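A.B. asks: Here it is: the structure, laid out below.
The values are calculated or read from the model by the stated rules, or taken from the named source; none is laboratory data. Please read these numbers as outputs of a predicted model, since none were measured by experiment. No Cβ is skipped: glycine too gets one built from the backbone with ideal geometry, and neighbour counts run over all protein chains shown.
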Amino acid sequence: MKLLLENWRQYLKEEVGLDPAHTTAIESIGLIINKKLGKGKFGTVYEVENKETGQRFAAKVVSNLGSTGYHEEEKNYNWIMKNRDNLPDEIKQHLVEVYKITKTEDKLYLVILMEQLATAPKSVLGQIFAHGSGMGYSEEKEERIFKDPEATYEIINEVLKSNNMLKNMRNYRGLSNSDRIKAANNILGVFLSDQEVPESSIEHVYTMLTTYEISTPRWQRLFNAILNEVEKLLQPKDPEPLVVRAILWSAATSIDDALQYNMSKQIIPVKYGAGYVDPQRGAPPATTAVFPETEGILNTIEHFAKMGWRARDLHTGNIMMRADTNQLVITDVGLFVVER
């Protein structure tokens, strides 16, 4: 068995292309590489093992050869290692535990030894991130939003606020925010009635727009409700058929794009300001509340934001999970920006 393991490790080094410098750096602290787990912007992560105890860890190796992230990674992971235990329990449980940080003798490589975590299921990551692996939209995500009237209202409101035709008509027709709010309430009422919503009068809209290649019945009902309400708001005083059709077609295209964008928008934002969600990335409050599994991560990011840290790069690759508790964990703090 020992010979088999040694042969396997030799195969890893020779055939899989492990970096010899990384192997040397890890072996210098009494550990051996079992396998490569992944590669990020500034470092490569391996599953490593203590030769004496058999205990396994995740080891991130960061190069100082032309890397701008070397010192930032060292500073941030050191802070987590020294201060994690002093954080509130509800915060620290969503941060990776860091055991040891060492440098090679030539100071060319940094080795960050952490707890080993499990990969979070794609079905979970697909609910909370809209980028990375193309997992923004899913029928399950749509269903969760549509089951909650407040979350659905937020989606409707975002679609109406982003509609350029409505923005342009504010000056022409005197449309106000109260008009938009009233329209949003009307749309929600129609959507929640669970009755079929008639299609708009716009010719060919239902065969040309991309929405209907991926739509569910509820998505189509919401689209129809929004489009019909917008059609009422946009009707000119002296309607000219071709002009009306052009105006409404533009509005319909905007609704289609905005509805898809807001339904696939990520729940955990890439960027956080000082205690609030970046409006371009984070989902609004009611929509966020529909995804309770994200609460711990969002609270953790907000906690650091209030301290002057800003999470700059949260995505599917650096959110993992503790297999025994199913807690989501932030594994990469190297790209947190310390602004204190």
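A.B. asks: What helices (runs of 4 or more DSSP H) lie completely within the stretch 239-334 and have 1 or more residues being at pLDDT below 85 and closer than 22 Å to D89 by Cβ? Break it down into steps so the answer makes sense when it comes.
C.D. replies: Values: elements: 241-264, 285-289, 295-307.
Ranges flagged: 295-307.
A.B. asks: Would you call Y46 buried (at least 18 other Cβ atoms within 10 Å of the Cβ), part of a helix (DSSP H, G or I), of a type in the set (F, W, Y) and outside the structural domain of T316 (by TED's automatic domain parsing)?
C.D. replies: No.
A.B. asks: Scanning the stretch 293-323 for residues that are acidic (D, E), out of contact with any helix residue (DSSP H, G or I) (no Cβ under 7 Å at 6 or more places or on another chain) and in contact (Cβ under 8 Å) with a residue 12 or more places away in the chain, which turns out surrounded by the fewest Cβ atoms within 10 Å (Cβ to Cβ)?
C.D. replies: That would be D313.
A.B. asks: Name the pairs whose Cβ atoms lie under 9 Å apart, with the first residue in the stretch 120-134 and within 14 Å of L314 (Cα to Cα) and of a type in the set (F, W, Y), the second at pLDDT 80 or above and not in a loop (DSSP other than H, G, I, E, B), and 6 or more positions between them or separate chains?
C.D. replies: Between residues of the stretch 120-134 that are within 14 Å of L314 (Cα to Cα) and of a type in the set (F, W, Y) and residues that are at pLDDT 80 or above and not in a loop (DSSP other than H, G, I, E, B), the close pairs are F129/I319.
A.B. asks: Could you tell me how many of the residues in the stretch 246-263 are over 17 Å from K232 (Cβ atoms) and touching a Leu at 6+ places or on another chain (Cβ under 6 Å)?
C.D. replies: Total satisfying the criteria: 1.
A.B. asks: Further, regarding this structure: Pull out all pairs, ordered by first then second residue, where Cβ-Cβ is under 9 Å, the residues are six or more apart or on different chains, the first lies in the stretch 39-66 and is under 17 Å from S28 (Cβ atoms), and the second is part of a loop (DSSP other than H, G, I, E, B) and among the aromatic types (F, W, Y).
C.D. replies: Qualifying pairs under 9 Å: K60/F42; V62/F42; S63/F42.
A.B. asks: Something else now. Mind checking which residues of the stretch 101-118 are within 19 Å of G69 (Cβ to Cβ) and either assigned to a strand (DSSP E or B) or in contact (Cβ under 8 Å) with a residue 60 or more places away in the chain (or both)?
C.D. replies: I101, T102, K103, T104, L108, Y109, L110, V111, I112, L113, M114
A.B. asks: Right, something else. Restricting to the stretch 85-127, name every residue that is within 14 Å of A323 (Cα to Cα) and loosely packed, with under 14 Cβ neighbours inside 10 Å.
C.D. replies: A118, P121
A.B. asks: What residue, among those in the stretch 17-43 that are more than 30 Å from the chain's Cα centre (by Cα) and charged (D, E, K, R), is surrounded by the most Cβ atoms within 10 Å (Cβ to Cβ)?
C.D. replies: Here the answer is D19.
A.B. asks: Since I80 meets every condition but one in (1) over 19 Å from the mean Cα position of the chain (by Cα); (2) closer than 26 Å to F304 by Cβ; (3) not in a helix (DSSP H, G or I), which condition does it not meet?
C.D. replies: For I80, the failing item is (3).
Here is a yes/no grid of residues against (1) under 19 Å from the mean Cα position of the chain (by Cα); (2) modelled with pLDDT under 90:
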site: D85; (1), (2): no, no
site: E97; (1), (2): no, no
site: L110; (1), (2): no, yes
site: M114; (1), (2): no, no
site: H131; (1), (2): yes, yes
site: I145; (1), (2): yes, no
site: D148; (1), (2): no, no
site: I155; (1), (2): yes, no
